[in-house]
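K.L.:
Below are the structure tokens for one structure; questions will follow.
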Amino acid sequence: MRRAALAGAAVTVGLAACGGGGSYATVVDKIRNTGTVVVGTKWDQPSLGLKLGDGEPQGFDTDVARYLVNHLAHGAKVRITWRESPSSTREALLQNGTVDMIVASYSITRARKPKVTFGGPYAIVPQDTMVRADDTAIRRTSDLRGKRICLAQGSNSYRRIVDPPPDGKLDLPAHLVDAANYSDCVRKLAANQLDAVSTENLILAGFAEQDPGRFRLLNDPITNEKWAVGLKKGDTETCEAVNQAIADMWRTGTTTRLLRKWFGRTDLMLPSALPRPEGCP
């Protein structure tokens, strides 16, 4: 079951900037020549990218984006325009030039590689599963057989449960419940309209911390996902510059500090080392 993808909304922080690369060949070129950049993030994910009212989105991913932009600009002042980038529209926003880069729990997958150039990854994050705290029937991922699992538009996480390899992992039969995004998944989980939400554990932890005692993570990882920076296909120069910035972010301890800032109150084992770069074809 599929619903039409929701249109992404936009907000400008500071002065408006042109979407995408504009007349510039690369994002690095645009940043250094105009002092502006358009960054796509999530706006509905607590502790990763959450926008409240008229303020800027806040979270781990948005802090990572600010660090990377500052590094690409060699410390010069840059005006960031934040653009909401739901999972269902991320590739299109990059391809049509609406955004310059996306930092939004964006996993590198085989299906996305032909459409997106990925800088990084900046973190390796396990996929886990969240259920209602009072649901004692689901203790491990194998208990998801025949259960109602959320299918968030544009996300591949559900495939790792229901599909066989190479795209899947567990090949479990399950009932898929369509949702617009992961905040919609969590609303439906709370309302008993589905039984489980499975995606990267940092995403789940953010929602669980927002409503203490309501949900429970299984702590039974399915796969390790590579979170990376999405760029327009072919922007190798910016990809290489992003990789250098990510290495510096880990070397200076900034990544560890940001992870502790946003997830230090959870009992998760947080990413602790610079991931191996994927490469910039």
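The values are calculated or read from the model by the stated rules, or taken from the named source; none is laboratory data. None of the values given here were measured: they were computed from a predicted structure. Glycine also receives a Cβ, built like all others from the backbone with ideal geometry; neighbour counts cover every protein chain displayed. In case anyone asks, the SASA skips ligands and DNA or RNA and just uses the protein heavy atoms, side chains included. Shrake-Rupley method; radii C 1.70, N 1.55, O 1.52, S 1.80 Å.
K.L.:
Where the centre of each part is set by its Cα atoms, how far does region 36-90 sit from region 209-281, in angstrom?
P.N.:
Each part's Cα centre sits 14 Å from the other's.
K.L.:
What do you get for Rg/Rh over the chain if you use C-alpha atoms and the Kirkwood form of Rh?
P.N.:
Details: Rg = 18.3 Å, Rh = 19.0 Å.
Taking Rg over the Kirkwood Rh, I get 0.96.
K.L.:
Can you pull the accessible area of L176 for me, 1.4 Å probe, Å² to the nearest 10?
P.N.:
Answer for L176: close to 60 Å² accessible.
K.L.:
In whole Hz, what ³J(HN,Hα) sequence does region 128-133 give by Karplus (6.51, -1.76, 1.60; θ = phi - 60°), x for Gly and Pro?
P.N.:
Once θ is set to phi - 60°, the couplings for region 128-133 become 10, 9, 10, 10, 5, 4 Hz.
K.L.:
Of A104, G75, S85, which is farthest along the charge dipole of region 69-144 in the positive direction, counting Lys and Arg as +1 and Asp and Glu as -1 at C-beta?
P.N.:
Going by the Cα projections, it comes out as G75.
K.L.:
Run the reach check for K113 against lysines, Cα to Cα strictly under 25 Å, same-chain hits fewer than 8 apart removed. What comes back?
P.N.:
K30, K42, K169, K226, K232, K233
K.L.:
So, one more: Suppose R0 equals 25 Å. What FRET efficiency, 1/(1 + (r/R0)^6) with r the Cβ-Cβ distance, do T254 and L52 give to the nearest 0.05? Spell out each step's value before the answer.
P.N.:
Values: r = 24 Å, r/R0 = 0.97.
Calculated value: 0.55.
K.L.:
Right, next: In Å², what does the accessible area per residue of region 140-281 work out to with a 1.4 Å probe? Mind dumping the intermediate values first?
P.N.:
On the way: 6690 Å² over 142 residues.
Result: 47 Å² of accessible area for each residue.
K.L.:
To the nearest 20 debye, what is the magnitude of the charge dipole of the chain about its Cα centre, counting +1 on the Cβ of each Lys and Arg and -1 on the Cβ of each Asp and Glu? Before the final figure, lay out each step's value.
P.N.:
Details: 37 positive and 30 negative charges, 23 e Å.
The calculated dipole for the chain is roughly 120 debye.
K.L.:
Taking the simple approach of a point 7 Å from Cα along Cα-to-Cβ for both N219 and H175, what is their distance in nm?
P.N.:
Rounded to a tenth, the inter-label distance reads 3.0 nm.
K.L.:
In whole Å, what is the distance between the alpha-carbon centres of region 103-133 and region 134-175?
P.N.:
17 Å
K.L.:
Using a Gaussian network for the chain with springs between C-alpha atoms less than 10 Å apart, which of these wobbles most: P173, P212, P46?
P.N.:
So, out of P173, P212, P46, the one fluctuating most is P212.
K.L.:
Another question about this same structure. With a 1.4 Å probe and every protein chain kept in, tell me what percent of the accessible surface of region 139-281 is carbon plus sulfur.
P.N.:
Details: 3170 of 6820 Å².
Answer for region 139-281 is 46 percent, counting heavy atoms of protein chains only.
K.L.:
Another question, then. With N set to the number of residues, divide the alpha-carbon radius of gyration of region 50-155 by 2.2 N^0.38 Å and report two decimals.
P.N.:
1.34
K.L.:
Taking amide hydrogens as modeled 1.01 Å from N in the peptide plane, which residues meet the under 5 Å criterion relative to F215, leaving out close sequence neighbours?
P.N.:
Result for F215 returns A133.
K.L.:
Given a 1.4 Å probe and every protein chain left where it sits, what share in percent of the accessible area of region 33-81 is carbon and sulfur?
P.N.:
Numbers: 900 of 1780 Å².
With neighbouring chains kept in place, the figure for region 33-81 is 51 percent.
K.L.:
For labels at D29 and R140 in the simple 7 Å Cα→Cβ model, what's the distance in nm?
P.N.:
The two pseudo-label positions are separated by 5.4 nm.
K.L.:
Using r as the Cβ-Cβ distance of R159 and N70, and R0 as 35 Å, what FRET efficiency do you calculate, to the nearest 0.05? Walk me through the numbers before you get to the answer.
P.N.:
Values: r = 35 Å, r/R0 = 1.01.
Once rounded, the FRET efficiency stands at 0.50.
K.L.:
With a 1.4 Å probe and all protein chains left in place, how much accessible area per residue does region 80-136 have, in Å²? Kindly include the intermediate steps, with their values, before the conclusion.
P.N.:
On the way: 1620 Å² over 57 residues.
Result: 29 Å² of accessible area for each residue.
K.L.:
Hey, quick one: spin label on I108, modelled 7 Å out along Cα-Cβ, who in region 236-261 has an amide N within reach, i.e. under 12 Å?
P.N.:
240, 243
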